[in-house]
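The values are calculated or read from the model by the stated rules, or taken from the named source; none is laboratory data. None of these values were measured; they are calculated from a predicted model. Positions of Cβ are generated from backbone atoms using ideal geometry, with glycine treated the same way; all protein chains shown enter the neighbour counts.
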């Protein structure tokens with residue numbers, strides 16, 4: 001009788017791990033290239049985006065009505 005590890009190793013499932021590793025490395029290199037080759041002016045623009053949009057802080061939610069009984 002074959003053991004479970006013999007069946008799994010004989011099924012050729014190692015190719016999925018290889019494909020996952022290749023996809024991960026491709027995405028990692030693409031993100032790294034984007035970070036390295038992006039112009040500084042683009043980063044400067046993106047650093048200030050959250051501060052330019054909203055000048056007034058949002059008001060806190062009314063805590064009395066969140067858990068009110070609807071009856």
### Message
Conditions first: (1) over 21 Å from the mean Cα position of the chain (by Cα); (2) modelled with pLDDT of 80 or more. Residue 24 passes all but one, so which condition is the exception?
### Response
(1)
### Query
Of 17, 33, which residue is modelled with pLDDT of 80 or more, exposed (fewer than 10 other Cβ atoms within 10 Å of the Cβ) and either at negative phi or part of a helix (DSSP H, G or I) (or both)?
17
### Message
For residue 2, only one of the following conditions fails: (1) under 17 Å from the mean Cα position of the chain (by Cα); (2) not in a helix (DSSP H, G or I). What is its number?
### Response
(1)
